[in-house]
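Chemist: The structure under discussion is supplied below as structure tokens; questions concerning it will follow.
Quick note: the coordinates plus some simple rules give every number you see, no bench work behind them. Predicted model only: the values in this text are computed from it and were never measured. Glycine gets a Cβ as well: all are built from the backbone with ideal geometry, and neighbour counts include every protein chain shown.
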Amino acid sequence: MNLSPLQKARYEYQPKLPGMLRNGIADICVKEGKATKSVADQDKIKALFPNTYGKKEITFVKGANTSQAKKQVVGVILSGGQAPGGHNVVCGLYDALKATDKNNVLLGFKGGPSGLLDDDYVKFTDKIIDAYRNTGGFDIIGSGRTKLETEEQFAIVEKVAKKHGLTAIVIIGGDDSNTNAAVLAEYMAAKKTGVQVIGCPKTIDGDLKNEDIEASFGFDTATKTYSELIGNIERDANSAKKYWHFIKVMGRSASHVALECALETQPNICLIGEEVAAKKMSLAQITKYIADAVETRGNNGENFGVAIIPEGIVEFVPEFSKLIAEINELLAGEKTEKFNALPDWNSKYEYIKAGLTKASFKVFDILPQGIQQQLFLERDPHGNVQVSLIESEKLFSEMVKTELAKRKKAGTYKGKFGTQHHFFGYEGRCAFPSNFDADYCYSLGYNAFMLIQYGYTGYLSKVSNLSKPAEEWKAGGMPITKMMNIERRNGKDKPVIRKALVELDGKPFKYFEKHREEWAVKTCFTYPGAIQYYGPAEVCDLTTRTLALEKSR
């Protein structure tokens, strides 16, 4: 295999661990905290998790190791979308396991949760692990989105675990994956299988966090990658001075990625879905907000700018959410076949007009035809509109274009409006992890094994104090049930980890809110540049602006 110079150098990088974990396995003991309860619906969650609910948070501290010595055979899976640093979670887990006892075994189940169900695995060796240290991607064993949620699936996992003599399973994933980890842990505890289940917090969207989990891994690298690209586009826009760039970034259910990129690059416009929902903003109001900035800049001779759009923005617009719900009902069941059988778009348009309420059709009718048609593309497995397929960056640029045409006719707008469109998603999911993510992920994996060694199950690997140097990070664990509440999913009440949304009274948003009026009309672009891996710590180990602001005093 031909390796790039950077790839060779990254293999040799030694991730930094929290100071306490550097002391050696023999000098780590447990400090227990208070008993926990779920963030909501305590009685219901407790009833669903009688064997794993209410456990204590724990912190690892320096002291004599009192864990029971035994051979550990651990299985690990990567679940859901890729996030930079996943390989280092596996490496940290492997290194801690081998440091405790060289006879311990780590099995990687391939393709996500389905690898457990299909008993498709690889036995990790030094050679395999060393080829993936500090690299991006999940290709060491692959990933998948199969959910572990039925009794039949759990029974298969139990059988596979027994076959291999597994003492623990580590699930590296996002909120849904760790919800499944909690349910699997409860099953294993109820059946007295002796198999522990530990989760690790992953998602570039940044919505798996709370007062205990300060950041999900991958968010740092992904937002730095997107911010580099956005900064490059800002520099181009400021050079050519003839395009408005509408840039959609990842974040279906929360706008953390968009906000972080805005804090890094200071664009003219950044929409925050949570604010749109709180203010009940309509599509027309959002269009006016963007058009006002374009008009002001254009009348000042600056016919260029940058607007950042979160991937899931339309779901935060109340009138659009209502439209989506009506479309889902309009095409429910066999109605989809009837709709698809109509001969042309005009026939489909009339069918839609007859099936929607007047209010929703009014919203539908102001959309560009291309966006209208996107709403009727292939449905998701539940028969619903796939909102992620909607090109919201084009939706808003087209609506702004129409609004500006009216203003030009009225004589208030004297500028020119040319556009370019971008979607940054896959570009950030498998980047070489930043030093922060390389260190954080390695610590999460190392820490996960410590939780296993001390007999914990249904816990999430927790590393905190992340805005400080790694030496000052704190390691421990928290029961996954602490993050859970009951939500309605597919017509049923289900226990799920509560997603963390952008807090409109939080310091990151408040900073953005304070400066965005100036950014809108002036060219205040900043250019973060590429992720730096070697050099001064204040450059290479820099954390996100979001985390820095959240932890500032």
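Chemist: Over 27 Å between Cα atoms: which of K62/K551; K34/K110; K248/K362 fall into that group?
Modeler: K34/K110
Chemist: Would you order S255, S67, S392 from fewest to most other beta-carbon atoms within 10 Å of each residue's own beta-carbon?
Modeler: S67, S392, S255
Chemist: Take the chain, drop everything but the C-alpha atoms, weight them equally and run the Debye formula without solvent; then report log10 I(q)/I(0) at 0.07, 0.08, 0.12 Å⁻¹ to two decimals.
Modeler: Treating every Cα as an identical point scatterer, log10 I(q)/I(0) equals -0.44, -0.57, -1.17.
Chemist: Further, regarding this structure: For K55, which aspartates and glutamates qualify as cross-link partners when the Cα separation must be under 13 Å and same-chain residues fewer than eight apart are set aside?
Modeler: Straight-distance partners of K55: E32, E186.
Chemist: Starting from the Cα gyration tensor of segment 1-158, take the square roots of the eigenvalues, sort them a ≥ b ≥ c, and report rounded, prolate or oblate (rounded when a/c is under 1.5, otherwise prolate if a/b is larger than b/c, else oblate).
Modeler: oblate
Chemist: In Å and whole numbers, how far do the C-alpha atoms of segment 205-308 stretch along each principal axis, longest first?
Modeler: Extents along the principal axes, in whole Å: 48, 32, 17.
Chemist: Can you tell me the Rg and Dmax of segment 262-316, counting just the alpha carbons, in angstroms?
Modeler: 12.0, 34
Chemist: State the antiparallel share, in %, of DSSP beta bridges confined to the chain, rounding to the nearest 5.
Modeler: 40
Chemist: Right, another one. Rounded, prolate or oblate for segment 321-395? Axes are the square roots of the Cα gyration tensor eigenvalues, ordered a ≥ b ≥ c, and the cut-off for rounded is a/c under 1.5.
Modeler: Since a/c stays below 1.5, the shape of segment 321-395 is classed as rounded.
Chemist: Provide the gained length on full extension for the span T402 to K414, in nm with one decimal, where the gain is 0.36 nm per separating residue minus the Cα-Cα distance.
Modeler: So the chain would gain 2.9 nm between T402 and K414.
Chemist: Counting other beta carbons within 10 Å of each Cβ, put E214, E538 in order, fewest first.
Modeler: E538, E214
Chemist: Another question, if that's okay. Output the peptides 310-317, 340-347 sorted from most to least packed, where packing is the average of other Cβ atoms within 10 Å over each peptide's residues.
Modeler: Result, highest mean Cβ count within 10 Å first: 310-317, 340-347.
Chemist: Next question. Name the chymotrypsin sites (Phe, Trp or Tyr not before Pro) in segment 171-269 that are in a loop by DSSP and that have at most 15 other C-beta atoms within 10 Å, would you?
Modeler: Listed in order of number, the matching sites amount to none.
Chemist: Tell me whether segment 103-157 comes out rounded, prolate or oblate; compute the Cα gyration tensor, take square roots of the eigenvalues as a ≥ b ≥ c, and use a/c under 1.5 as the rounded threshold.
Modeler: Oblate is the answer for segment 103-157, as a/c is 1.5 or above yet b/c matches or exceeds a/b.
Chemist: Taking H as built 1.01 Å from N, whose amide H comes closer than 5 Å to the amide H of W244, not counting residues under 5 places away?
Modeler: Answer set, sorted by chain and number: G305, G418, T419, Q420.
Chemist: Something else now. Between E152 and K123, how high is the FRET efficiency from 1/(1 + (r/R0)^6) when r is the Cβ-Cβ distance and R₀ = 30 Å? Nearest 0.05.
Modeler: Efficiency, rounded to the nearest 0.05: 0.65.
Chemist: Let me ask something else about it. Could you please rank D43, D119, placing first whichever residue has the fewest other Cβ atoms within 10 Å of its Cβ?
Modeler: Least crowded to most crowded, the residues run D43, D119.
Chemist: Another one. Report, by chain and number, residues whose modeled amide H sits under 5 Å from the one on F217, excluding near sequence neighbours (fewer than 5 apart, same chain).
Modeler: Residues meeting the criterion, in which the H sits 1.01 Å from N, are K202, T203.
Chemist: Over the Cα atoms of segment 129-232, what Rg and Dmax result, in angstrom?
Modeler: Looking at segment 129-232, its Cα Rg and Dmax stand at 16.6, 56 Å.
Chemist: Same structure again: Given the C-alpha atoms of segment 463-539, compute the convex hull and give its volume per residue in Å³.
Modeler: Hull volume normalised by residue count: 214 Å³.
Chemist: List, in the order given, every pair from K70/K191; K147/K280; K348/K401 whose Cα-Cα distance in the structure shown is over 31 Å.
Modeler: K147/K280
Chemist: With contacts defined as alpha carbon pairs under 8 Å and 6 or more residues apart, what's the relative contact order of the chain in percent?
Modeler: Reported relative contact order: 24 percent.
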